[in-house]
Amino acid sequence: MIEVRHLTKKYGKHTAVEDISFTVEPGKIYGFLGPNGAGKSTTMNIITGCLAPTEGEVLIDGHSVLDEPIEAKRAVGYLPEVPPLYPEMTPEEYLRFVAEAKGVRRDMIAEEVEGVMASTGITDMRRRLIRSLSKGYKQRVGIAQAMIGDPDIVILDEPTEGLDPQQRAEIRDLIGTLGKDRTVILSSHVLSEVQEICENIIVISHGKLVADDTVENISRSLRQDITMTLTVMATPEEVESVISGIEGVKSFSIVSTNGSETSAKIKYGSELDLRETVTFAFSDIRRAVVSMGIEEESLEDIFLKLTSDGADASPDGAGTGGEDAEDAEDTEDAEDEEYDEDEDGDLKYDPADYIGGTDSGPGGTGTEDTEGAEEIGKTEEKNSDGGDYKPLFGGK
Ligand code: ADP
Ligand code: MG
């Protein structure tokens, strides 16, 4: 279980996250939603212990991420927004390195890497260079490194961002499978991304929590009326008399008529489905319904409403007005400059931080970061000329 208590993160004067509290129950898949800049990555970096909060605390299975980082981090696998991949390694080499860094027992590493590659579907890519993999496969490798050590909680920051629709669908399926026996939190700025696989969603906007509930409850509490547009082979008077006799109709209007064919709009609560009732009511007077259409607010619309500037639609009334957004605009640029240091300092994700490893780079390969890799790239030249990937391992 994750307990996020009154988290606040300030970058200088700019408040990126303000007094956020929520609880993540074990064994469920949570969607962490908010538009770009809402504070998702900041919150996830704090939950995973990569960034210190200004105020508040995070408990993972009762252990404070700040005070007992080793215990807390042991339970967590993290895929940050920018995955910490080493492009000049193969997935297999990289996952072995991560397993070592996370302190997986030496005699268990091969099995662990094998298992994680199988469950993320990258076994066939094990000997290609990560650099040469498609975005979808790179993302799988990123998810695979989060899975090393079999953590109970997996946190994925925008795991489908930048992928094409096919790859997105595959990653969603993969997350759904992984989520069967562990807790998953994944962030996204697109509601439809999480709608399919998440049971719960936590919505933030301008650093504040605006909703925390099941997908169903959130949509139910915000959904507006359904509008039915229908055309009947009937006079306006007949249409009027039939519709006014239907229970649950909140309002209706005649849109057009040519005397024998009439179109009308009917509004009713989204908890009802009046399609059958309406059809049968007209057939009772032997009038044919020739067309019927339903307009219902999509969850995407609801999400936009929740997170738009000055939104006041949140169930707990946490909407904040535009004032907040202005503040952000004013200070953002300056603060970004000022706090680069911060980002370079504790924001870095290193698998070695998890489960108490010490080494921060893969031994001897010099690929501490991607820039360094360019210079050292002797192997790169051999392998960079398109489709033909040579294994770095002896090619057994
Ligand atoms: P999200 O992941 O939801 O897009 P972030 O958590 O990355 O949002 O950012 C939240 C806010 O904090 C944004 O306004 C962003 O510009 C600001 N921010 C993020 N990181 C830094 C930083 N290192 N220094 C200054 N401001 C930052
Ligand atoms: Mg982000």
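Details
- The combined condition, being surrounded by fewer than 21 Cβ atoms within 10 Å (Cβ to Cβ), under 30 Å from V82 (Cα atoms) and either acidic (D, E) or touching a Leu at 6+ places or on another chain (Cβ under 6 Å) (or both), is not fulfilled by D284.
- L66 being within 16 Å of ligand 2 (Cβ to nearest atom), over 19 Å from M147 (Cβ atoms) and of a type outside the set (G, A, S): no
- The number of residues in segment 215-233 being at pLDDT below 70 and not in a helix (DSSP H, G or I) comes to 2.
- In segment 37-61, the residues that are within 13 Å of ligand 2 (Cβ to nearest atom) and surrounded by fewer than 19 Cβ atoms within 10 Å (Cβ to Cβ): G37
- Residue check, E88 among the acidic types (D, E), outside any strand (DSSP E or B), touching a helix residue (DSSP H, G or I) at 6+ places or on another chain (Cβ under 6 Å) and more than 16 Å from ligand 2 (Cβ to nearest atom): yes
- Whichever residue in segment 80-127 is of a type in the set (S, T, Y) and surrounded by fewer than 22 Cβ atoms within 10 Å (Cβ to Cβ) and, among such residues, is nearest to D181 (Cα to Cα): S119
- With respect to the conditions (1) under 30 Å from A16 (Cα atoms); (2) surrounded by fewer than 22 Cβ atoms within 10 Å (Cβ to Cβ), R140 lacks only one, and its number is (2).
- Listed by first and then second residue, the pairs linking a residue in segment 140-159 that is under 15 Å from V98 (Cα atoms) to a residue that is within 16 Å of ligand 1 (Cβ to nearest atom) and part of a loop (DSSP other than H, G, I, E, B), with Cβ atoms under 8 Å apart and 6 or more places separating them unless they lie on different chains, are V141/P83; G142/P83; G142/P159; I143/P159; Q145/P83.
- A count restricted to segment 40-62 and to residues that are in a loop (DSSP other than H, G, I, E, B) and either near ligand 1 (Cβ under 9 Å from one of its atoms) or of a type in the set (F, W, Y) (or both) stands at 1.
- Residue match in segment 221-238 (condition: farther than 30 Å from T262 by Cα and basic (K, R)): no
- Exactly one residue among L85, L133, L79 is closer than 22 Å to I2 by Cβ and not hydroxyl-bearing (S, T, Y), and that residue is L79.
- Scanning segment 275-301 for residues being part of a loop (DSSP other than H, G, I, E, B) and at pLDDT 95 or above gives a total of 4.
- Meets criteria (at pLDDT 95 or above, over 25 Å from P159 (Cβ atoms) and more than 12 Å from ligand 1 (Cβ to nearest atom)) for D107: yes
- Total residues in segment 23-39, condition over 10 Å from L186 (Cβ atoms) and not in a loop (DSSP other than H, G, I, E, B): 2
- Pair list, Cβ < 6 Å and 6+ apart or interchain, from segment 37-50 residues that are under 17 Å from L209 (Cα atoms) to residues that are more than 6 Å from ligand 1 (Cβ to nearest atom) and of a type in the set (D, E, K, R): S41/E81; S41/D157; T42/K9; M44/D157
The values are calculated or read from the model by the stated rules, or taken from the named source; none is laboratory data. In this text the structure is predicted, and so the values were computed from the model without any measurement. With ideal geometry, Cβ positions are generated from the backbone for all residues, glycine too; neighbour counts draw on all protein chains shown.
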